[in-house]
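The values are calculated or read from the model by the stated rules, or taken from the named source; none is laboratory data. Quick caveat, the model's predicted, so the values are computed rather than measured. Here the Cβ is made from the backbone with ideal geometry for all residues, glycine too, and neighbour counts use every protein chain on show. We work out accessible area using only protein heavy atoms, side chains counted, and drop any ligands, DNA or RNA first. Shrake-Rupley method; radii C 1.70, N 1.55, O 1.52, S 1.80 Å.
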Amino acid sequence: MKILYLLFAVFLLLFQATSGSADPLFPDTVECRSQGKFCRVGVCPPTFAATGTCHGGLLNCCSK
């Protein structure tokens, strides 16, 4: 039973993200998020409008 705590610690270290690994690789995504907008699959929420694309054109860039 005590080995479960050790395994949990090992998994936590293995799956820990390194700094910078979550940065988007697509320039349109960087542009969208730098302007304070967000990316979404499908249609933007009712009070938001699609103003561009993200992830190479697969997602919508939504803004107020």
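Observations on the structure shown:
- Accessible surface of the chain [probe 1.4 Å, protein heavy atoms]: carbon and sulfur percent: 68
- Across segment 24-63, the convex hull enclosing all Cα atoms gives 51 Å³ per residue.
- Remark: the chain carries 82 Å² of accessible area per residue (probe radius 1.4 Å; ligands, DNA and RNA excluded).
- Acute angle (nearest 10 degrees) that the helix 3-14 long axis makes with the longest principal axis of the chain, alpha-carbon atoms: 40
- The protection proxy used here, the mean number of other Cβ atoms lying within 10 Å of each residue, ranks peptides 34-45, 5-16 as follows, highest first: 34-45, 5-16.
- Subtracting the Cα-Cα distance of F15 and I3 from 0.36 nm times their residue separation leaves 2.5 nm of extension gain.
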